[in-house]
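Please treat every number below as a calculation from the coordinates, not as lab data. Computed from a predicted model, the values in this text were never measured in an experiment. Cβ coordinates were reconstructed from backbone atoms using ideal geometry, including for glycine residues, and neighbour counts include every protein chain displayed.
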Amino acid sequence: MLRYEGSIWRPPSEARSLILQATVGCSHNACIFCVSYKQKKYRVRGAEGIKSDLDSLPSSYKERVSRVFLADGNALAMATSEFLHTLNLLRKELPALERTGVYAYAKDVRDKSVEDLKELHEAGLGIVYLGLETGDDELLRWARKGIDSAENISACKKIRQSGIPISLTIILGLGGLENSERHAKATAQVLNEIDPEYVGALTLMTPLGTHIHELVKSKEFIPMNPMDILRELKILVENLELSNCIFRTNHASNYLPIRGVLNSDKESILEMLSETIDNGDTSNFRPGYLRGL
């Protein structure tokens with residue numbers, strides 16, 4: 001029986017993965033919009049912690065595991081040697097394992113060379129999920145992200161150069177209506193420079209316990225309405241020039257689920273957005289109770 005420490009978060013695409021806590025919490029843990037790890041102090045469990053988890057699972061289950069997601073907020077912060085030890089352990093204990101995924105933070109990548117990342121890839125690291133959030137440096141500072149767009153670009157290019165697929169998340173509505181167009185265009189510019197394999201767009205949520213919740217409460221920040229969010233998304237897509245990127249808005253925070261490949265599906269996505277916006281059509285919106293994250 002696995003005993004997780006606190007709440008566990010994972011990407012939508014890791015829904016069927018075995019989730020193991022290689023680290024607890026987030027090494028940054030300062031973003032104004034994130035409540036996920038506020039009650040945790042960051043520490044590394046590493047291979048020793050993973051071994052105790054695997055020992056608690058029956059062999060019949062372990063033999064069927066094909067994917068693992070290593071929580072928590074940024075397991076890539078582990079030292080390369082410890083990460084390799086962990087990946088080698090997973091490969092030994094899980095004979096059907098095909099891919100291991102992790103969340104990452106750009107500063108975690110700064111201290112790893114391309115060769116380090118290549119070693120991790122060869123040992124089984126099959127995808128990295130990184131929160132880009134925005135391409136606008138002013139908004140990154142305001143959101144207390146702790147990095148700028150140049151650092152995000154450098155980290156992502158290093159991951160891509162190592163051969164590891166990368167999945168980036170951006171946050172619609174992060175700048176509010178006043179900064180919406182600037183946020184969308186700057187984010188598109190950064191995404192174009194990275195040219196990732198996957199991009200997932202989330203919509204800003206303001207849960208209790210976050211600094212942005214306090215800003216909303218004091219009316220210092222006013223969240224955008226659904227149609228304004230879609231207008232921002234349309235500006236983003238209009239400015240994207242990507243090679244072969246799977247683009248999704250399937251996260252529970254989003255109003256309108258969209259899936260396509262950019263840029264091949266760019267026109268059809270823009271057409272859907274235009275029709276929805278122009279007609280004020282909310283029939284395809286995700287019900288509000290399903291967005292209650």
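Between I127 and T100, V102, the built amide H atoms are under 5 Å apart, and every one of these is 5 or more places off in sequence or on another chain. In region 14-279, with Lys and Arg counted as +1 and Asp and Glu as -1 at Cβ, which of these residues, P58, S243, L230, has the Cα nearest the positive end of the dipole, that is, farthest along it? Result: P58, furthest along the dipole toward the positive end.
Along region 190-206 the Karplus relation, 6.51 cos²θ - 1.76 cosθ + 1.60 evaluated at θ = phi - 60°, assigns HN-Hα couplings of 5, 4, 4, 6, 7, 6, x, 6, 9, 9, x, 9, 9, 10, 3, 10, 10 Hz to successive residues, with x for each Gly and Pro.
This model, with +1 at the C-beta of Lys and Arg and -1 at the C-beta of Asp and Glu, gives the chain a dipole about its Cα centre of some 1020 debye.
Across region 138-155, computed HN-Hα scalar couplings (Karplus, 6.51 cos²θ - 1.76 cosθ + 1.60, θ = phi - 60°) run 5, 5, 4, 5, 4, 7, 6, 6, x, 9, 10, 5, 5, 5, 4, 4, 4, 4 Hz from first to last residue, x flagging Gly and Pro. The alpha carbon gyration tensor of region 28-179 gives principal lengths a ≥ b ≥ c with a/c of 1.5 or higher and a/b greater than b/c, which makes the shape prolate.
From its DSSP helices (H runs of at least four residues, each -39,500 (n - 2.57)), the chain gives a residue-normalised ellipticity at 222 nm of -11000 deg cm²/dmol.
Compared with the alpha-carbon gap, the fully stretched path from K92 to R10 is longer by 27.2 nm at 0.36 nm per residue.
Using +1 on the beta carbon of Lys and Arg, -1 on that of Asp and Glu, and nothing else charged, what's the dipole of region 12-170 about the Cα centre, debye to 20?
Working: 23 positive and 21 negative charges, 54 e Å.
With Lys and Arg at +1 and Asp and Glu at -1, about 260 debye.
For R43, nonlocal amide neighbours, meaning residues 5 or more places apart or on other chains whose placed amide H falls under 5 Å from its own, are V24. Proximity of backbone amide H atoms, modeled 1.01 Å from N, is registered between K38 and no other residue at under 5 Å, excluding neighbours fewer than 5 places apart on the same chain. Fewest-first ordering of D53, D136, D148 by other beta carbons within 10 Å of each residue's beta carbon gives D148, D53, D136. The 3J(HN,Hα) values that the Karplus relation (6.51, -1.76, 1.60; θ = phi - 60°) gives for region 178-188 are, in residue order, 4, 9, 4, 5, 5, 4, 5, 5, 5, 5, 4 Hz. Gly and Pro appear as x.
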